[in-house]
Amino acid sequence: MKSFPATLENLYQMIQYVKDDALAKGFDKTEFEHIEVAIEEALVNVIHHGYKNYQGIIDISCFSNPSQFYIVIEDNGMHHDPLSFKRVIDPKEPIETRQPGGYGVHFISELMDEVIYERKGNKNCLTLVKSKKNSSPPS
């Protein structure tokens, strides 16, 4: 686990931390692109919503098994379940009539294989799971 100040200035360092771990665990750069978009959106949500009126810390942990890579993002910010803001996008709806907000969570859910939110005591805990393309599922 590594802790980072929850600021946009640290966003690149947080993403790089996850990238280094994902590459070390066998993901290639192309596979990491989906992870990168998802974690960037998740981290920006924590910074803007969880720590809206004050500064805090984001803890990031990465671990894996032979077929999946897990990213756990924890913060002590305001209770904020990002999955409750997920929108279903109707591709036929004109952009001009769409309501703002919630689309980032949609993209996180589309890019990752599993997204889990839990409130553990005073912490928000978001777990993002990505399966490796070239691995067989566990038996």
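The values are calculated or read from the model by the stated rules, or taken from the named source; none is laboratory data. Owing to the predicted nature of the structure, the values given are computational and were not obtained by experimental measurement. A quick note on method: Cβ atoms are made from the backbone with ideal geometry, for glycine too, and the neighbour counts reach across all protein chains shown.
The number of residues in the range 65-85 being modelled with pLDDT of 85 or more and surrounded by 19 or more Cβ atoms within 10 Å (Cβ to Cβ) comes to 6. How many residues does the range 2-34 hold that are touching a Cys at 6+ places or on another chain (Cβ under 8 Å), hydrophobic (A, V, I, L, M, F, W, C) and over 22 Å from residue 50 (Cβ atoms)? Residues meeting the conditions: 1.
Close Cβ contacts (under 8 Å, 6 or more residues apart or on different chains) running from residues in the range 101-115 that are under 22 Å from residue 67 (Cα atoms) and surrounded by 15 or more Cβ atoms within 10 Å (Cβ to Cβ) to residues that are at pLDDT 85 or above and polar (S, T, N, Q) comprise 115/109; 115/127. Considering (1) within 16 Å of residue 115 (Cα to Cα); (2) free of Cβ contacts under 8 Å to residues at least 40 places away in the same chain; (3) touching a strand residue (DSSP E or B) at 6+ places or on another chain (Cβ under 8 Å), say which one residue 13 fails and leave the rest. Here residue 13 clears every test but (1).
Of all residues in the range 23-47, those satisfying the criterion of being within 13 Å of residue 62 (Cα to Cα) and either touching a strand residue (DSSP E or B) at 6+ places or on another chain (Cβ under 6 Å) or modelled with pLDDT of 95 or more (or both) are 25, 35, 39.
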